[in-house]
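Visitor: Pasting in a structure now, in structure tokens, and then I'll have a few things to ask.
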Amino acid sequence: MIIMKSEATREEVSNVVREIKKYGLKADVSKGEYRTVIGLVGDESRVDFSRLATLPGVKEAMMVETPYKLISKEYSKRFEGQDEYRQIQVGNVCIGGPDLVFIAGPCSLESKPQIFKIAEAVKKAGAHILRGGIFKPRSSVHSFQGLGANGREGAEEALRWLYEAGKKFEMPVITEVRGETHIDLVAEYADIIQIGARNMYDQDLLTNVARKGKPILFKRHFGAGIDEFLSFAEYIAAEGNKDIILCERGILPIGKGKNYTRYTFDVTAVPVIQKETFLPILADPSHATGRRDLIFNMSCAAIAAGASGLMVETHYNPSEAIVDAQQTITPDELKEVIDACQKIHQVLAR
Ligand code: PEP
Ligand code: MN
């Protein structure tokens, strides 16, 4: 990490960037209100930091040991005048700002009437962003794979329905890319691109999605430690895209006895991650529990822990949902969740 003097000129910054590139590294230049900080991206083992420290305009050059420095509090702390948390604006919705954000919709898009009916209902319940899976990650090849499996035309038609439903009910939309071949198509229609838990470790997917320059909702793998989760988010940041919305969605349960939930909702991850990074973190109580009867309490717990909002699977008739029916709630239940969370948020804000 190179911290420039507050009076450093643009030429001095460019010169430092040039010197960094000579080592075969990339430079992440962040301009704060008073000073510029440059992060080195790549293998730093051959970098002579004492030499970089003597370049004109440089105040300090140092090695940062964490594997996720570009998204770390440590890095942002060096800018005077920079907000403690990043706020990500998507259309008229601000994620990580003073207001909670609720993402709702079906696990999976099934038809045009289905997504329009759900969009209208979740909007009325207080949701801000519409979700709907089109390329579904499924454990069995024999299960419904999402409308994305219907060739390029089928996938594009479904993406258009999602986009149109979002436009009609004034909500930005989010959907998942399951593989690199989906990126261009999804980026054309989605306001936020989701990278699912199973793909958290796919660094080429992360890099290529990041290059689209769109906000990314990045889910924690169910077997990943928090440091790993943040280290992989760094692959996105390394492409110059810091519009990363982290999402805790449950980790593998322990013990060989009966498990009562689909995953274990790691509520502690929320405040821990907020101490480590300036990125906003949401929670997904649907996948974390796998049980609709637990959504209300776990949503409240997530907001009490400080989450910036939730992603909740919602359907007008949950038992009819082809995917994840058992964890899907109704729009009326969503409204109860949102109302309770808003009250908790008000208490915390005070
Ligand atoms: C989803 O949100 O649709 C999903 C598949 O979630 P996860 O990647 O967390 O399993
Ligand atoms: Mn689901």
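Visitor: Over the range 2-63, what is the relative contact order in percent, taking alpha-carbon pairs closer than 8 angstrom and at least six residues apart?
Guide: Computed over the range 2-63, the figure is 46 percent.
Visitor: Once you treat every alpha carbon in the chain as an equal point and sum by Debye, what is log10 I(q)/I(0) at q = 0.07, 0.13 Å⁻¹?
Guide: Debye curve over Cα of the chain, log10 I(q)/I(0) at q = 0.07, 0.13 Å⁻¹: -0.31, -0.98.
Visitor: Let me ask something else about it. Write out the GluC sites (Glu not before Pro) in the range 31-97 meeting two conditions: DSSP loop, and at most 11 other Cβ atoms within 10 Å of their Cβ.
Guide: Here the sparse-neighbourhood loop sites are Glu33, Glu65, Glu80, Glu84.
Visitor: Something else about it: Cα axis of helix 10-22 to longest principal axis of the chain: angle in degrees, 0 to 90, nearest 10?
Guide: In the chain, helix 10-22 runs at an angle near 80 degrees to the longest axis.
Visitor: Now for a separate question. Excluding residues on the same chain fewer than 8 positions from Lys31, give the lysines whose Cα lies under 27 Å from its Cα.
Guide: The reachable lysines, counting only those whose Cα sits under 27 Å from Lys31, are Lys5, Lys21, Lys22, Lys59, Lys69, Lys73, Lys77, Lys212, Lys214, Lys242, Lys275.
Visitor: Same structure again: Could you work out, for the range 25-118, what percent of all Cα-Cα pairs fall into each 5 Å distance bin, beginning at 0 Å and stopping at the bin that holds the largest distance?
Guide: Histogram of Cα-Cα distances, whole percents per bin: 2, 10, 15, 16, 14, 10, 7, 7, 8, 5, 3, 2, 1.
Visitor: What size of dipole, in debye to the nearest 20, comes out for the range 189-333 about its Cα centre when the only charges are +1 on Lys and Arg C-beta atoms and -1 on Asp and Glu C-beta atoms?
Guide: Dipole size: approximately 240 debye.
Visitor: Let me ask another. With angles folded into 0 to 90 degrees, how steeply does helix 151-168 sit against the dominant principal axis of the chain? Use alpha carbons for both and round to 10.
Guide: Its long axis makes an angle of about 90 degrees.
Visitor: Moving to a separate point now. Under 17 Å Cα to Cα from Lys168, which lysines show up? Leave out anything in the same chain fewer than 8 places away.
Guide: Lys112, Lys117, Lys123, Lys124
Visitor: Under the definition of Cα pairs under 8 Å and six or more residues apart, what whole-number percent is the relative contact order of the chain?
Guide: That works out to 15 percent.
Visitor: Given Cβ point charges of +1 (Lys, Arg) and -1 (Asp, Glu) and nothing else, what value in debye, to the nearest 20, does the dipole of the chain about its Cα centre take?
Guide: The calculated dipole for the chain is roughly 160 debye.
Visitor: Let me know the charge dipole size of the range 123-270 about its Cα centre in debye, to the nearest 20, where only the beta-carbon of Lys, Arg (+1) and Asp, Glu (-1) is charged.
Guide: 700
Visitor: So how far, in whole Å, is the C-alpha centre of the range 262-322 from the one of the range 110-166?
Guide: The two parts, judged by their Cα centres, are 20 Å apart.
All of the numbers you see were taken from the coordinates with simple rules; none came from a lab. Fair warning: this is a prediction, and the values are worked out from it, not measured in the lab. No Cβ is skipped: glycine too gets one built from the backbone with ideal geometry, and neighbour counts run over all protein chains shown.
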